[in-house]
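The values are calculated or read from the model by the stated rules, or taken from the named source; none is laboratory data. Keep in mind that what you see is a predicted model, and the values were worked out from it rather than measured. Here Cβ is always computed from backbone atoms with ideal geometry, including for glycine, and neighbour counts include all displayed protein chains.
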Protein chains: 2
Amino acid sequence: MYEQLRAYFQTRLPGITDTQVEALQAQLQPRTLRRHEVLIRQGEAGRRGAFVVQGCLRSYVVDKKTKEHILQFAPESWWISDQYSMLRGLPAMFSIDALEDSEVLLFGPDFLPLLQTIGPEFQAFFHTLLQNSMASMQRRLISILSATAEERYLEFLQMYPTLVQRLPQRMIAAYLGITPESLSRVRKELARS
Amino acid sequence: MYEQLRAYFQTRLPGITDTQVEALQAQLQPRTLRRHEVLIRQGEAGRRGAFVVQGCLRSYVVDKKTKEHILQFAPESWWISDQYSMLRGLPAMFSIDALEDSEVLLFGPDFLPLLQTIGPEFQAFFHTLLQNSMASMQRRLISILSATAEERYLEFLQMYPTLVQRLPQRMIAAYLGITPESLSRVRKELARS
DNA sequence: TTGATTTCTTATCCTACATCAAGGCGCTGA
DNA sequence: TCAGCGCCTTGATGTAGGATAAGAAATCAA
């Protein structure tokens with residue numbers, strides 16, 4: 001269960017010690033999620049996030065017209081949480097649930113502050129992670145503003161080649177910001193050529 | 001020139017000492033920018049960011065169809081930079097320029113790492129800042145995916161009431177992700193009611 | 001002041017994608 | 001085994017906002 005996490009940090013922070021990994025593990029609680037099981041519900045104060053060991057989660061919001069918009073997919077070795085709300089004890093801005101039966105390691109609001117005591121490199125690591133999310137979020141914003149549905153689908157294929165097989169198409173549509181019908185037409189068009 | 005910065009930190013980090021503020025100032029270089037002057041050019045390695053003392057900057061990308069998309073406005077007391085590229089020494093993902101004659105305090109790639117030595121509360125402060133940006137980016141993404149041009153314009157008015165007077169409408173349109181013509185129509189419609 | 005840019009408005013037409021509706025196909029479960 | 005329910009597809013029609021064009025208004029420069 002924890003081997004995945006150990007490997008994850010050993011490749012990303014080569015200097016890491018066993019004691020540090022153990023200190024980390026102590027903060028993370030293993031948990032199994034079944035497909036469709038909800039970890040965080042939008043609007044409620046679910047103060048936790050997850051590291052995905054096996055399976056795939058997603059974060060999403062549902063708007064006034066009851067349409068779902070997916071912010072992030074989190075397959076193996078990804079982190080997923082609503083950091084902003086979690087650290088402030090606010091109602092979650094989005095929901096998080098499992099798209100497949102999954103195994104995750106859960107952490108609470110004190111996780112990030114605690115990293116400091118384990119080692120400053122962890123603090124820095126999560127800061128870098130946040131910067132990466134920010135950068136990819138910016139790219140996505142630009143993509144939605146400037147690219148067509150087809151272009152965005154192709155970008156998605158490039159970015160997450162493995163997810164296309166694993167996820168239902170309606171999920172991909174909800175990520176791209178188009179209807180399932182439109183995605184179906186885009187795929188039909190691409191198949192023709 | 002630096003009073004603004006001092007006041008900024010004194011309200012946000014009340015426990016701060018004079019020595020700390022001075023250490024910070026030592027990292028920041030005053031500079032005047034004229035309207036339209038470019039600080040960072042997309043694709044080039046401009047390793048710096050700014051704290052805005054007076055005036056207003058913006059970060060933006062231009063896409064293949066040569067259309068501009070504005071990521072952020074930075075009026076007084078805002079920070080603006082391409083952290084991701086700056087810290088990695090990569091070509092900038094977007095441009096930053098001045099929308100008004102402005103006074104800024106510039107910082108380099110070593111600024112954030114150096115905060116650590118000045119005090120951990122600064123490190124944490126900038127981490128929080130990044131979280132805020134991330135959260136507002138997420139809100140914007142959802143807004144673009146689910147709201148109409150009119151709704152987004154109204155959100156913008158709520159969020160940045162002072163900027164509407166200061167900025168040309170084409171800039172607001174480029175932020176909202178619509179054409180200046182569409183924004184003009186939206187405003188006309190709103191004025192009717 | 002006045003000519004030259006730039007910015008904003010308005011009108012017409014167009015297009016990418018949404019919406020609505022219906023049919024097929026594959027799971028799942030009694 | 002087959003009923004029933006998601007999921008995907010396809011077609012017909014609708015619409016928000018884009019593209020283009022041209023004039024009005026504001027700003028700038030000399």
Would you check if B:Leu145 is within 16 Å of DNA strand D (Cβ to nearest atom) and of a type in the set (A, V, I, L, M, F, W, C)?
-> yes
Odd one out for B:Arg187, checked against (1) part of a helix (DSSP H, G or I); (2) closer than 30 Å to A:Phe94 by Cα; (3) within 13 Å of DNA strand D (Cβ to nearest atom) = (2)
Lone qualifier among A:Tyr84, A:Tyr175 - being within 16 Å of B:His127 (Cα to Cα), surrounded by 15 or more Cβ atoms within 10 Å (Cβ to Cβ) and either within 15 Å of DNA strand D (Cβ to nearest atom) or hydroxyl-bearing (Ser, Thr, Tyr) (or both) | A:Tyr84
Run A:Thr148 past the list (1) surrounded by fewer than 17 Cβ atoms within 10 Å (Cβ to Cβ); (2) more than 14 Å from DNA strand C (Cβ to nearest atom); (3) of a type in the set (S, T, N, Q) and report the number of the one that doesn't hold.
-> (2)
The residue from B:Leu114, B:Leu130, B:Leu90, B:Leu106 that alone is away from DNA strand C (no atom under 13 Å from the Cβ), in contact with a His (Cβ under 8 Å, 6 or more places away or on another chain) and touching a residue at least 24 places away in the same chain (Cβ under 8 Å) is B:Leu130
Consider B:Thr162 carefully, then state whether it is among the polar types (S, T, N, Q), more than 15 Å from A:Leu141 (Cα to Cα) and within 9 Å of DNA strand D (Cβ to nearest atom).
-> no
Single residue of A:Gln131, A:Gln123, A:Gln165 found to be out of contact with any Gly (no Cβ under 8 Å at 6 or more places or on another chain), over 24 Å from B:Asn132 (Cβ atoms) and either among the polar types (S, T, N, Q) or modelled with pLDDT under 95 (or both) | A:Gln165
Does B:Pro168 qualify as being surrounded by fewer than 19 Cβ atoms within 10 Å (Cβ to Cβ), more than 15 Å from DNA strand C (Cβ to nearest atom) and under 30 Å from B:Arg47 (Cα atoms)?
-> no
Given (1) within 12 Å of DNA strand C (Cβ to nearest atom); (2) within 17 Å of the chain's Cα centre (by Cα); (3) closer than 30 Å to A:Lys65 by Cβ; (4) not hydrophobic (A, V, I, L, M, F, W, C), B:Arg139 misses just (1)
If we scan region B:160-171, do we find a residue that is under 20 Å from A:Leu71 (Cβ atoms) and either part of a helix (DSSP H, G or I) or in contact with a Cys (Cβ under 9 Å, 6 or more places away or on another chain) (or both)?
-> no
Given the conditions (1) touching a residue at least 24 places away in the same chain (Cβ under 8 Å); (2) part of a strand (DSSP E or B), every one holds for A:Ala45 apart from (2)
Are any residues in region A:33-78 of a type in the set (Ser, Thr, Tyr) and out of contact with any helix residue (DSSP H, G or I) (no Cβ under 8 Å at 6 or more places or on another chain), and if so, which ones?
-> A:Ser59, A:Thr66
Here are some residues: A:Ser59, A:Ser81. Which one is of a type in the set (S, T, N, Q), within 17 Å of B:Arg139 (Cα to Cα) and touching a Gly at 6+ places or on another chain (Cβ under 6 Å)?
-> A:Ser81
Any residue at all in region B:127-142 that is in contact with a helix residue (DSSP H, G or I) (Cβ under 7 Å, 6 or more places away or on another chain), within 15 Å of DNA strand D (Cβ to nearest atom) and under 29 Å from B:Glu37 (Cβ atoms)?
-> yes
